[in-house]
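Beneath this line is the structure, given in structure tokens, with notes to follow.
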Amino acid sequence: MFSVRMLLALTPMLAVVIPPCVPDEIIDDIRDPNVVRRGTGSIEAEGCGTATVIGQGEVFIELQEDPEGRAHLVIYDAANKDVTLNGEGRKYWRGNHLYVDGLVGTATIVGEGLVVGVTGHPLYLYAEGSGRVSLAGVGTYSVNGGEEQPWPTEVEEIAYEADAAEE
């Protein structure tokens, strides 16, 4: 299981490539997620910024061409996950971790113990299963198909989990 401490340790790696649309005050708060929201089953987010997903199930990401060339995807322990990449980008490995710089296209990651970080302008993310998502930037998200909400003005961790009745 991944802890909030691990989430905070991973997020700064992405801070280097945060798009210009992310306000400075959000960048300052990246190491301090302060609110947890619970959901059931899925989260969908789109916007401009950085997202980190920790959980199990399936994560789908779509990145369009970033005018600043800052689109970045990191899949930790990717060698032990089912990963499908479609599109262009510079792909490289560091140990079991897969990095894709300048990704224009889609990525689907399936497995347990998922840790996925993405930065993009714009980006679309859909995660289904159970876990936590940290968002920093500008955009909207919804948990379990619920009401659409703006990305938090401070870094916020949003939980989603599979409904026990569905398992």
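The values are calculated or read from the model by the stated rules, or taken from the named source; none is laboratory data. Since the structure is predicted, the reported quantities are computational estimates derived from the model, not experimental observations. Positions of Cβ are generated from backbone atoms using ideal geometry, with glycine treated the same way; all protein chains shown enter the neighbour counts.
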### Condition met for Glu128 (under 20 Å from Gly41 (Cα atoms), crowded, with 17+ Cβ neighbours inside 10 Å and touching a Ser or Thr at 6+ places or on another chain (Cβ under 6 Å))
yes
#### Entry: Residue ID - modelled with the highest pLDDT, chosen from residues in region 79-106 that are surrounded by 19 or more Cβ atoms within 10 Å (Cβ to Cβ) and under 19 Å from Cys48 (Cβ atoms)
Val100
### Message
Can you tell me which residue is nearest to Gly120 (Cα to Cα) among those in region 45-87 that are small (Gly, Ala, Ser) and in a helix (DSSP H, G or I)?
### Response
Ala78
### Task
Mind counting the residues in region 88-119 that are on the phi > 0 side of the Ramachandran plot and part of a strand (DSSP E or B)?
5
### Summary
Tyr76: passes all of (1) at pLDDT 90 or above; (2) under 20 Å from Tyr141 (Cα atoms); (3) crowded, with 17+ Cβ neighbours inside 10 Å but (2)
### Message
Conditions first: (1) of a type outside the set (Ser, Thr, Tyr); (2) at pLDDT 90 or above; (3) surrounded by fewer than 23 Cβ atoms within 10 Å (Cβ to Cβ). Asn144 passes all but one, so which condition is the exception?
### Response
(2)
